[in-house]
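Have a look at the structure below, then the notes.
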Amino acid sequence: MTEKEAIIQLNFDMEMIRFNPDTGENLTLEQIKALNKENYMTYIADELAINALLKQIPVKIVSVCKSKDVIGGYCPTCNGTIRIENTFLRSAKGQHCTWCGQKLDV
């Protein structure tokens, strides 16, 4: 299962937790918490898992400068400054933003 497939499944699970079969409407988080604490905890855990999985999907940096010695720019997730020296360019796959942990596709 890929990260994207897992995110789709977790989102579906969250929708099922929010759905009230009696009314056909979605419950609020407060209602879920009041009715079923286990469902509420699962909903919160699913949210955290989705956020963690999103950070593992590589995104292109917003490039500002690119030379043979350095790539510089910004993380599209948090706008943190990214600077990758030439010595790291060969192993740039798998690089992460130092500020937010987002996986980068350099």
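Note on segment 1-96: lysine pairs with Cα distance below 29 Å, sequence gap of 8 or more or different chains, count 14. When the Cα atoms of the chain are aligned to their principal axes, the ranges along those axes come out at 62, 26, 20 Å in descending order.
In this Cβ point-charge picture (+1 for Lys and Arg, -1 for Asp and Glu), the chain has a dipole of about 820 debye about its Cα centre.
Each other residue within a Cβ distance under 14 Å of residue 78 adds +1 if Lys or Arg and -1 if Asp or Glu, for a net charge of +2.
Each reported figure results from applying straightforward, stated rules to the coordinates on display, with no laboratory input. Quick caveat: nothing in here was measured; it's all calculated off a predicted structure. Every residue, glycine as well, gets a Cβ built from its backbone with ideal geometry; the counts of neighbours run over all protein chains shown.
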